[in-house]
1. Among Lys197/Lys227; Lys124/Lys197; Lys14/Lys39; Lys66/Lys219, which pairs are too far apart, with a Cα-Cα distance over 30 Å?
2. Students often get this wrong, so try it: which of [x] 57, 46, 33; [y] 61, 52, 30; [z] 71, 55, 34 is Cα extents along the principal axes in Å as calculated from the structure shown?
3. List, in order, the whole-Hz ³J(HN,Hα) value for each residue of the range 2-11 obtained from phi through the Karplus relation with A = 6.51, B = -1.76, C = 1.60 and θ = phi - 60°; use x for Gly and Pro.
4. Let me have the 222 nm mean residue ellipticity of the chain computed from DSSP H runs of 4+ only, each contributing -39500 (n - 2.57), with the sum over all residues rounded to the nearest 500.
5. Taking the solvent-accessible surface of protein heavy atoms with a 1.4 Å probe, what is the per residue accessible area of the range 128-211 in Å²?
6. If the chain between Gln194 and Glu215 were fully stretched, how many nm would it gain, using 0.36 nm times the residue separation less the Cα-Cα distance?
7. Considering only protein heavy atoms and a probe of 1.4 Å, how much of the accessible area of the range 28-74 is carbon and sulfur, as a whole percent?
8. How large is the charge dipole for the chain, taken about the Cα centre, if only the Cβ atoms of Lys, Arg (+1) and Asp, Glu (-1) carry charge, to the nearest 20 debye?
Amino acid sequence: MSESRHILSLSGGKDSAALALYMRDRVPNMEYIFNDTGKELPETYEYLDRIGDYLGRPVTRLNADKGFDHWYQLYGGMIPSNHRRWCTKMLKLKPFEAYVGNDTVVNYVGIRADEDRQGYISTKPNITPAYPFIEDGLVYADIVRILHQSGVGMPPYTRWGRTRSGCFFCFYQQKIEWVRLLETYPDLFDEAAQYEKEYMPTGNLFTWSNGEKLEDLRKPERIAQIKADALARSSRSGPKDNMSLADVFRAQREPVTDDGCVVCTV
């Protein structure tokens, strides 16, 4: 029987980055991969390069045979949502399973001991997930410590208020994050808004942000309300002066039904 492959999937987020650093000297011949959707933030690629430099190992970028726009058309102009996560399935999970093939694999997943989620993980019998942070009892503060002690630091996009990795138009992002995207990358915001149009073959129209079109969200009065709501949430949560920007926005989180897909956000 051949020896198992050990694969750690990087998402561009803090947890998977910290896990890669944590496991660097613990597992020989670890493979590091990143599923590139072609719809990532510029900072994500910068962060992956930084992680790769620290690891001293290349990060293999897996590209789906067909990009987001191909599947968007195939799914009838259906924008992904919590209940229709075809983006994760077709752009993340399927390319990973193709890369693995029929090999026996241990797949390292960056879920922390202080989290209660599973995410979207392959159920193929030859792929066994491993959760080192849960096994070793590591929590959010440990992840921050690992990142800072290594010099890799938190993901660069946290500087302007984004709390998650993944595509720039990820439907899981908060409304305040849409506002920050508009202010930081108006071209990417405009690109996301272009998908919110009637799909002529079916007449369907889908939106990214809980039924609110981005063209409405970008109106000055709406932006002011979203910022005021975020500030109110921050005040109720009582953020301290020494909190990082990522922590401040974590305190401002809007209620959501799911924290996203493991392969996209950790």
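1. Details: Lys197/Lys227 26 Å; Lys124/Lys197 36 Å; Lys14/Lys39 19 Å; Lys66/Lys219 34 Å.
As for pairs spanning more than 30 Å Cα to Cα, those are Lys124/Lys197; Lys66/Lys219.
2. Step by step, Cα extents along the principal axes in Å for this structure corresponds to label [y].
3. 6, 6, 5, 7, 10, 10, 10, 8, 8, 10
4. -11000 deg cm²/dmol
5. Each residue of the range 128-211 exposes 42 Å² on average to a 1.4 Å probe.
6. Residue separation times 0.36 nm, minus the Cα-Cα distance, leaves 6.6 nm.
7. Ligands and nucleic acids excluded, carbon and sulfur give 47 percent.
8. The calculated dipole for the chain is roughly 260 debye.
The values are calculated or read from the model by the stated rules, or taken from the named source; none is laboratory data. Treat the numbers as computed from the prediction; the structure is a model and nothing was measured. Please note: Cβ atoms are built from the backbone with ideal geometry, for glycine as well, and neighbour counts cover all protein chains shown. For the accessible areas, the whole protein counts, side chains as well, though only heavy atoms, and no ligand, DNA or RNA atoms are used. Shrake-Rupley method; radii C 1.70, N 1.55, O 1.52, S 1.80 Å.
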